[in-house]
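Below is one structure; the comments refer to it alone.
The values are calculated or read from the model by the stated rules, or taken from the named source; none is laboratory data. Small disclaimer: the values here were computed from a predicted structure and weren't measured. Backbone-built Cβ (ideal geometry, glycine too); neighbour counts: all protein chains shown. Please note that ligands, DNA and RNA were not included when accessible areas were found on the heavy atoms of the full protein model with its side chains. Shrake-Rupley method; radii C 1.70, N 1.55, O 1.52, S 1.80 Å.
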Amino acid sequence: MHLTPQDHLFVLTGAGISAESGLATFRGSGGLWNGYRVEQVATPEAWAADPELVWHFYSQRRRNAVSADPNAAHLALAKIEEQLGDRFYLCTQNVDDLHERAGSARIHHMHGSLFQSRCTRCNQPFPDKALYETAATLPLCDRCRAPVRPHIVWFGEIPLDMDTIYRKLDRATVLLVVGTSGSVYPAAGFVHIANQRRIHTVYVGPEEPLNREAFDEILLGTATEVLPSLLREDHSNLPHYF
Ligand code: BV8
Ligand code: ZN
């Protein structure tokens, strides 16, 4: 991959980048969905049918995320952002806050954030680290008393701020994808858009993703093994081979 001072780097991350911080991935062994079927917890239908189960699931995820720490891969991305400034953009499918805790600033959570909730009527997201694990504690809106839900994008819902994502993809010259299986759209389609725009595309992860044929380069290895060396090589003597 070639990175020059004119290059704009678009990074897409998935659950794999947080795996080495102890957060289960979705489809890995013991993956999140093992305990629950996706349609049981991450769909509007699930919310309508059993909000207590949905809040139990996301309260468990909040607890796990609080006790996790950013790893060397999160830190390496924050470091390269320091170097590239506005020529860097990070789009994550993850709802945990490990990128921010590693120092990432130019980040967008396309599937929402674990530590935000919103009223189902007012629809204004607000910070919320509370755990709701019993029917009696399910949150209601302070303003209108309507039920409050996790500020998470569920299956069948539109990801957040797709316009900005497509604008940033338009401007990118390099797409780096880390730790995602390529099984969920529209994120799994970004590499195809990149190809149409002749953007150089690289995948980092221990196994080939479902959309492997679309990548120019696949670097097999864990995120903490590959990213620090990949990015160190880069920022120690920009421009150079990245
Ligand atoms: C939408 C928040 C319209 C919830 C999530 C049929 C065909 C195509 C599409 C569809 C279809 N039917 C329905 C759809 C649409 C659907 C979809 O794609 N379904 C799939 C199942 C077929 N998509 C939607 O509904 C989306 N909305 O399409 O709206 C639209 C479209 C375009 C523009 C405007 C509107 C909404 C989807 C969002 C759902 N919410 N998350 C929560 O977190 O609880 S999705 C969730 O799963 C993740 O956020 C992520 O996006 C996705 C997949 O997870 P991954 O992150 O990839 O993790 P996974 O476990 O799968 O893989 C882990 C990877 O890490 C593996 O590759 C592994 O090798 C690697 N790894 C493991 N260890 C490491 C590692 N990598 C590096 N280092 C390691 N150590
Ligand atoms: Zn309200």
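Mean separation of Cα pairs under 8 Å and 6 or more residues apart, divided by the residue count, gives the chain a relative contact order of 26 percent. Which percent of Cα-Cα pairs in the range 69-170 sits in each 5 Å bin, short to long? Histogramming the range 69-170 at 5 Å steps yields 2, 12, 18, 19, 17, 14, 9, 6, 3, 0 percent. Based on C-alpha pairs under 8 angstrom that are at least 6 apart in sequence, the range 1-96 has a relative contact order of 46 percent.
Given contacts defined as C-alpha pairs under 8 Å and at least six residues apart, what's the relative contact order of the range 90-131, whole-number percent?
34 percent
Take each peptide in 173-183, 8-18, count the other Cβ atoms within 10 Å of every residue, and average; sorted highest first, the result is 8-18, 173-183.
DSSP finds beta bridges in the chain, and of those with both partners inside it, around 30 percent are antiparallel.
The fraction of accessible area contributed by carbon and sulfur in the chain is 52 percent, rounded to a whole number (1.4 Å probe; ligands and nucleic acids excluded).
Please compute the per residue accessible area over the chain with all protein chains in place, 1.4 Å probe, rounded to a whole number of Å².
47 Å²
Residues whose amide H comes within less than 5 Å of that of His8, counting only those at least five positions distant or on another chain, are Thr173, Val174 (H built at 1.01 Å from N in the peptide plane). For the chain, the longest principal axis of the alpha carbon atoms and the long axis of helix 51-66 meet at an angle near 40°.
Amide H contacts of Met110: Thr92, each under 5 Å away and 5 or more positions distant or on a separate chain (H built 1.01 Å from N in the peptide plane; Pro and chain starts excluded). Axis angle, to the nearest 10 degrees, between helix 72-84 and the longest C-alpha principal axis of the chain: 60 degrees.
Each Lys and Arg contributes +1 and each Asp and Glu -1, all at the Cβ; summed about the Cα centre of the range 1-83, the dipole is approximately 200 debye.
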